[in-house]
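Taking it in order: structure first as structure tokens, then the write-up.
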Amino acid sequence: MNQKALEFALRQTMRWLVSPMLKPSVPVRLQRQLISKAYLTSRPPKGCHFQEIEAEGMAINRVSYTEEPRGIVMYLHGGGFICGSPTTHRGLTGHLAKSSNTMVIVPDYRLAPENPFPAALDDAEKLYRALLDEEHPPGAISFAGDSAGGGLAVALCLRLKEKRIPLPASLTLFSPWVDLSNDHLYSPEQEPLLNRQWIDKAARLYCGPESRANPLISPIHGDLSGLPPMLIQVGSEEILMNDSQRLADAAKRDGVEVTLDIYNSLWHVFQIHAGELDRATRAVDDAGEFIRRHQEIEEENAHL
């Protein structure tokens, strides 16, 4: 199948098979089951290694492509803080491990509504602190994430900065959700996946009584100065495109090195199709190059 035809087929799949799962009327537990099945089409590259471990009270996936990965990517998966897991993101994290030549660590952080804010943030901080306690230098660690996980990665940096904990080498963000008020959504000609009603429900379940303007919930409202270099990738066919543009503008305002790449005619977290869709593969390759370029690897800590 040529790439244009493949893009069309994938867009139709998003619209007619995946998007109907993301309705407020569908119970969260059923959404989790359905979404996990939808992600089965996202496959990691052949030869990718997965190890499931438990640490800091969480299930964690360790993902690598080479026998001697250099550096670490702490990857926070998306799913609106109510869905998703390390398993659903095996395809994307596998391709990112290959392109970055790192060990990608994916925590199964706690989800709402059972565990609303700040549970996910607490889990992410706990894992990062554990990596530092294991004497991994912060310059050898990068954060990455998609959608809610992308916003969570930025929020984590804000919390770490406030606590004067050393920050990671870089932030790689795929369609980050950084404003849970959803007051500045984009209106694309077509949106094959997301809808406002679903993300409003997800925000309500995650935030609980907390204000959605809290920078640790909606990091677009935070002071981004001092944050590490940032790569943002977003599709033009998604209602969250403005979140990426506003985040890039805020980062520039606060003196943060930032690159914003907008992919025309692609949808929310299109990178899950890496290995199948050429533009998705190239996007993940670019992300891997960005991660490698900003990591500072001491030779004695090069291999994990």
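The values are calculated or read from the model by the stated rules, or taken from the named source; none is laboratory data. Since the model is a prediction, treat every value here as computed from it, not as a measurement. Note: ideal-geometry Cβ built from the backbone for every residue, glycine included; neighbour counts use all protein chains shown. Quick note on the areas: whole protein, heavy atoms, side chains included, nothing else; ligands and nucleic acids left out. Shrake-Rupley method; radii C 1.70, N 1.55, O 1.52, S 1.80 Å.
Some notes on this structure:
- The stretch 213-260: number of residues that are in a helix (DSSP H, G or I) and touching a Phe, Trp or Tyr at 6+ places or on another chain (Cβ under 7 Å): 3
- Every test in (1) assigned to a strand (DSSP E or B); (2) over 20 Å from PRO168 (Cβ atoms) is passed by ARG279 save one, and that test is (1).
- Residue check for ASP179: open to solvent by less than 20 Å² (accessible area, probe 1.4 Å), among the charged types (D, E, K, R), touching a residue at least 12 places away in the same chain (Cβ under 8 Å) and not in a helix (DSSP H, G or I): yes
- For the stretch 182-201, the candidate set comprises residues that are assigned to a loop (DSSP other than H, G, I, E, B) and open to solvent by less than 50 Å² (accessible area, probe 1.4 Å); within that set, the residue that is farthest from PRO24 (Cα to Cα) is PRO188.
- Residue count, the stretch 213-245 (criterion: open to solvent by less than 20 Å² (accessible area, probe 1.4 Å) and either at pLDDT below 95 or among the hydroxyl-bearing types (Ser, Thr, Tyr) (or both)): 2
- The stretch 9-63: number of residues that are part of a loop (DSSP other than H, G, I, E, B) and open to solvent by 20 Å² or more (accessible area, probe 1.4 Å): 12
- When PHE143 is tested against (1) in contact with a helix residue (DSSP H, G or I) (Cβ under 7 Å, 6 or more places away or on another chain); (2) at pLDDT below 95, just one condition goes unmet, and that condition is (2).
- Test: residue in the stretch 202-212 that is open to solvent by 60 Å² or more (accessible area, probe 1.4 Å) and in a helix (DSSP H, G or I): yes
- Failed item, numbered, when ILE60 is tested on (1) under 30 Å from ALA130 (Cβ atoms); (2) modelled with pLDDT under 95: (2)
- Within the stretch 252-272, the only residue that satisfies the criterion of being in contact (Cβ under 8 Å) with a residue 60 or more places away in the chain, open to solvent by 10 Å² or more (accessible area, probe 1.4 Å) and touching a Lys or Arg at 6+ places or on another chain (Cβ under 9 Å) is SER265.
- With respect to the conditions (1) under 19 Å from CYS157 (Cα atoms); (2) polar (S, T, N, Q); (3) surrounded by 17 or more Cβ atoms within 10 Å (Cβ to Cβ), THR281 lacks only one, and its number is (1).
- Just one residue in the set THR87, THR66, THR93 is among the β-branched types (Val, Ile, Thr), open to solvent by 30 Å² or more (accessible area, probe 1.4 Å) and within 19 Å of ILE272 (Cβ to Cβ); that residue is THR87.
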